[in-house]
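Novice: I'd like to ask you about the structure that follows.
The values are calculated or read from the model by the stated rules, or taken from the named source; none is laboratory data. Predicted, not measured: the structure shown is a model, and the values here were computed from it. Ideal geometry is used to build each Cβ from the backbone, glycine not excepted, and the neighbour counts take in all protein chains shown.
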Amino acid sequence: MSITRKCPVCGKPRHAEHTPFCSPRCRDRDLLQWLEEGYRLPGPPATPPPGEDEG
Ligand SMILES: [Zn+2]
């Protein structure tokens, strides 16, 4: 029983030259997704802690 490694982006058989992806395109795509997710994870929220907004 052998496990066929596939491109994590599109699911096609990956290429040895672009492992673990099937093409540089998918590699860039994965990288972009990764970066976008990084940008979507900002630091702590800008809202002040509760209790300081009274008065
Ligand atoms: Zn691919």
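Novice: Give me the residue from region 1-22 that is within 11 Å of the ligand (Cβ to nearest atom) and touching a strand residue (DSSP E or B) at 6+ places or on another chain (Cβ under 9 Å) and, out of that set, farthest from Gln33 (Cα to Cα).
Specialist: Restricting to residues being within 11 Å of the ligand (Cβ to nearest atom) and touching a strand residue (DSSP E or B) at 6+ places or on another chain (Cβ under 9 Å), the top hit is Pro13.
Novice: Separate question: Could you tell me whether Arg40 is more than 11 Å from the ligand (Cβ to nearest atom), loosely packed, with under 10 Cβ neighbours inside 10 Å and either at pLDDT below 95 or not hydrophobic (A, V, I, L, M, F, W, C) (or both)?
Specialist: The answer is yes for Arg40.
Novice: Also, quick follow-up: Does Thr19 satisfy being exposed (fewer than 10 other Cβ atoms within 10 Å of the Cβ), at pLDDT 75 or above and among the polar types (S, T, N, Q)?
Specialist: no
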